[in-house]
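The values are calculated or read from the model by the stated rules, or taken from the named source; none is laboratory data. The model shown is predicted, which means the values in this text are computed figures rather than measured ones. Note that each Cβ is placed from the backbone with ideal geometry, even for glycine, and that neighbours are counted across all protein chains shown. Side chains included, ligands, DNA and RNA excluded: accessible areas come from the protein's heavy atoms. Shrake-Rupley method; radii C 1.70, N 1.55, O 1.52, S 1.80 Å.
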Amino acid sequence: MPKLPLAKLINDLVPELVADVVKHFAQLAEGTPFEKPLKATGFLEPDVLDYLKSVLNDSFVIYFEKHEKYRIDGIADKFLIPALTLYCLNTWLRGDSLTAQKVQQELDRLLTLDAETRKQIQQQRLSTEQIAKDFVPIVEKQLTTPRQHHHQTFDGILTRIKLKQTAQNILDGFQSILQEELSQVAGASTTIDGNVSGANVSPKSERCCPKPPPLPDKFGGREERLQQIVAQIKAGNDTAITALHGVGGIGKTTLARVLAYRLHDEKIFRAVLWANVTRDPNISSILSGWVIGHADSAFNVSNFPDLEQAALAAKNRLDGVIDEKCETCESPRVLVVLDDVWDNGLEAARTLRLACPEHTTVLITTRSENVARNLNAKAESLTYMTLDEAVGLLSLYLPETNAITLRRLGTALGGHALAMELAARRIQKEGNRPKENDGQKLERCIRDYEVGIPAGNPFNRLKLEQGKDKEDNLTVSLFHSYESLGIDDQCRFRALGVLAYDAPFDAELVAALWDVPIEEVYDLINSLRLLSLLEIRDNGYRQHPLLRAYAYALLNDAGETQAAFDRYTRHIIEVTERFDQLPLEQWHELELHLPHIHLVGDLLAERCQALETLDETLAAHAGEFSWNIMRYLNRRPEALFVEVGNQRQPQRINWFEMGLKVWHAANNLEREASTLNNIGGRGLLWGSSARRWRSTSKPCP
C-alpha cells in the first residue's frame, strides 16, 4: 500500500476540519443578532482557529515521523487524520480532556462503521490501542508548548471562551447582550425565553433524560427468548451491536420495547433512545426528534454541512443532557434501539450511530439478516413461535381456553405472533350464532383458520406494495378478521391504507377520512381497535405497517384510492392553514401531522408534474396546499430537503412550483408573484447551501 506525502496530507485535511468543527457552533451567528455575543466568547476569532490548526499540524507531523507505519493510503488520509482531528476538537470544545482510553474507544467505534479501513488495519497488524497511546502524549505536549506567532494558549482559550458542553450554554450566558441586540435590530422588547432556531426565537423545551417507550399492552410466550437476549446484552461491552431479525409481524418490536423498558428499570442502562427507522428512513427527523425532545429545542439539522456533522452535533448535545439529567448507574451505559431497519436503511443506521452518546449499546430490529451482517452486528433471530410459546401468547387473550385448543390455534396460524393476536381478538369479539355456545364458537373459528381462505376469494389475489411480501398465516388471519367486519367497517379499514406509512394519526384525521362526525368516530375506531386492526400510540393511533399494506391493497382492489386520497388531502389542507393561524411557538402541536403533510404534498406535486392540464379538484388542492405551506417552508427550510438514496436534495421546492402552475393557469397574478418570490428566496437558500448538503454515497462494507 502506498505511503502518502505527509506535508500535503496534513495541510489539506487538518485546516478544513478544524474550521468546520470550531465554527459549527456558530454557523447561524454571522450576520444575525447573535454574532456579537459569539465574537465576545472568541468563537469567531481567526487566532483560535490558527492556534488549534497549529497544535494539530505539529502533532501529526511528530506522530507520523515517529510511527511511519501508519502513513498508509486509506488509513492515514481517510481514517486517522479525520478521526483524530474531529475527536480532539469535539473533546476540547466540550471542555474535556483527552485520554488514551477515550481515544481508543472512539477509534474502535468509528471502525465498526468502516469495514474497509478495519480490514486494512488488521492486515497491517496495527492497533487502535497503540495508536491512542502513541498519539495522546504528543498532543498533550503540543498543547503546553508555546507556539510561535501565536499569543493564545490552550488554557487561555478555555478560560476566555468559557466553553462548557454546547453552544446553548454560551448563549445562556449572554442573555442581556442578546436582548440588547434583538431590541436594536428588530425594535422589539421581546424577552428571550429559550433557544434560537435560524432567526426565530421559540420557547425553550424542558431538558430531560431519554427514556424507553412504554411497555406494550400484552407480552407473552417469548420470556425465555427475551432472557437469552437480555443476558447477552448485559454481558456485552459498551459498543456492542445486536440485530434482532425475523419476518414482519413476528414480534421483534414488541420484544425490543419490553427489553428496553426492563433494562432501564433495572438500571443496566441510564438512558434509552428509540428510533423508528422504517423502509423510508428520515435521518434528519430522527436526529431532530432525539435532540429537540431531550436536549436542545433550537437544534436544526439544516444548519450543518451534512448529515454526519449533524449527527456529531447531536451526539454532543445528547452526551450533555444525559450527564446532566439522567440518573447515575453503576455502569454509564446507554441503549439505542434502531427499530425496523430495512436493507435501504444501512446508511441511515450508520449515520445514526455517529449520534449515539458515549457508552452506547445498539439494538437493531430488522427483517433482513443482511442488515445484521452489513452492520457487523451480532445476529439474533426471532422465529415463528413454538407451540408452547403460542399458548403463552394466546392465553393472555383467551385465558379460559385450555392449552390443547390453544395449541390447535397456534398450529393453524404457524406461530406467527401478529396473526395469532388478530385471531384471538376476533374470537373475543365474535358473537355466537343461534344455538351456538362459546365452545362451539371457538371450534368454528379455529376450523376457519385451519381451512384458510376459500378458493377464488379476492383476498388471495391481493398484491402488496413493492417491498412488502405477503405472509400466508397473517393473510389467513386478517381475512377472517376483515370478513367479521360489517360492510361499512370494511370500507373504513381499507381507507386507512391511504395514510402515511407507519405514522401516527389523530381522531380528527380519521373522522375526515371516513367522512363521519368527530363525536361518532371514537366508537368506530374502537370497533377496529378491539380487533387489533388499530392500536393507540403516540398520543393518537397507529396501524401496524403490515396491516396498512393490506389495507392499501384492498383499497386499490376496490377502486377507492382516489376518493380516499381526496378526503385525506382536504383534511391535511385544513391542517396546513394552522401554520398561519398559530404563533411559531405553538407549531409543536402540528408535529403529529408532519408525515401526512409531507406525503400529501409530495403526491400532489408528483401528479401536477405528470399532467400538462390539471383537473378542477387537483388544481384546487395543489393551489391551496402550496399557498398554505409557504410559511412552514420559510420558517423550517430543512423540510425542503428529501433523502434520495444517500443524498439530501431540496426536492420540495416543487411544492412551490405546483402552486405557480395553478396560479399561472388561473391568471391569479397576486399569488403567482408571491409564489415566484418564495421560489426565488428558497432558491437562494438552497442554491447557496446545496454544496453543504451533499452527502456522498458510501459503498456497503
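Out of region 365-384, which residues are of a type in the set (D, E, K, R) and outside any strand (DSSP E or B)?
Once the filter is applied, which keeps residues that are of a type in the set (D, E, K, R) and outside any strand (DSSP E or B), region 365-384 yields R367, E369, R373.
Could you look through region 655-668, keep only residues that are modelled with pLDDT of 90 or more and buried (at least 19 other Cβ atoms within 10 Å of the Cβ), and pick out the one that is farthest from the chain's Cα centre (by Cα)?
My answer is W663.
Among the residues of region 203-252, how many are crowded, with 18+ Cβ neighbours inside 10 Å, part of a helix (DSSP H, G or I) and in contact with a strand residue (DSSP E or B) (Cβ under 7 Å, 6 or more places away or on another chain)?
3
If you go through region 403-425, how many residues are in a helix (DSSP H, G or I) and open to solvent by less than 10 Å² (accessible area, probe 1.4 Å)?
Total meeting the criteria: 8.
Any residue at all in region 598-621 that's outside any helix (DSSP H, G or I), open to solvent by less than 40 Å² (accessible area, probe 1.4 Å) and over 18 Å from V498 (Cβ atoms)?
Yes, because at least one residue in region 598-621 is outside any helix (DSSP H, G or I), open to solvent by less than 40 Å² (accessible area, probe 1.4 Å) and over 18 Å from V498 (Cβ atoms).
Scan region 635-650 and give yes if some residue there is part of a helix (DSSP H, G or I) and more than 21 Å from N300 (Cβ to Cβ), otherwise no.
No, there is no match, as no residue in region 635-650 is part of a helix (DSSP H, G or I) and more than 21 Å from N300 (Cβ to Cβ).
With E400, E369, E430 as the choices, which residue is surrounded by fewer than 23 Cβ atoms within 10 Å (Cβ to Cβ) and touching a residue at least 60 places away in the same chain (Cβ under 8 Å)?
Answer to the selection: E369.
When only residues in region 253-285 that are of a type outside the set (A, V, I, L, M, F, W, C) and part of a strand (DSSP E or B) count, which is least open to solvent (accessible area, probe 1.4 Å)?
It comes out as T278.
Consider only pairs whose beta carbons are under 7 Å apart and that are at least six residues apart or on different chains; among these, list those whose first residue lies in region 621-639 and is within 18 Å of P583 (Cβ to Cβ) and whose second residue is basic (K, R) and in a helix (DSSP H, G or I).
L633/R682
Inspect region 356-364 for any residue being open to solvent by less than 10 Å² (accessible area, probe 1.4 Å), at pLDDT 90 or above and in a helix (DSSP H, G or I) and give the result as yes or no.
No, region 356-364 contains no residue that is open to solvent by less than 10 Å² (accessible area, probe 1.4 Å), at pLDDT 90 or above and in a helix (DSSP H, G or I).
Return a yes/no flag: does region 519-536 have any residue that is polar (S, T, N, Q) and either touching a Lys or Arg at 6+ places or on another chain (Cβ under 6 Å) or farther than 27 Å from D340 by Cα (or both).
Scanning region 519-536, I find at least one residue that is polar (S, T, N, Q) and either touching a Lys or Arg at 6+ places or on another chain (Cβ under 6 Å) or farther than 27 Å from D340 by Cα (or both), so the answer is yes.
When both residues are 6+ apart or on different chains and their Cβ atoms are under 7 Å apart, which pairs have a first residue that lies in region 588-610 and is touching a residue at least 60 places away in the same chain (Cβ under 8 Å), and a second that is in a helix (DSSP H, G or I) and among the β-branched types (V, I, T)?
Once the first residue is touching a residue at least 60 places away in the same chain (Cβ under 8 Å) and sits in region 588-610, its partners that are in a helix (DSSP H, G or I) and among the β-branched types (V, I, T) give H593/V575; H596/I572.
Provide a single number: the residues in region 99-125 that are modelled with pLDDT of 75 or more, within 23 Å of E68 (Cβ to Cβ) and not in a helix (DSSP H, G or I).
2
Within region 528-582, which residues are open to solvent by less than 60 Å² (accessible area, probe 1.4 Å) and part of a loop (DSSP other than H, G, I, E, B)?
Within region 528-582, L531, S532, L533, L534, Q543, H544, A558, E560, L582 qualify.
State all residues of region 558-574 that are among the aliphatic types (A, V, I, L, M) and in contact with a Leu (Cβ under 7 Å, 6 or more places away or on another chain); if no residue qualifies, say none.
A564
Which one of the conditions (1) surrounded by fewer than 19 Cβ atoms within 10 Å (Cβ to Cβ); (2) over 27 Å from D343 (Cβ atoms) does H294 fail to meet, given that it meets all the rest?
(1)
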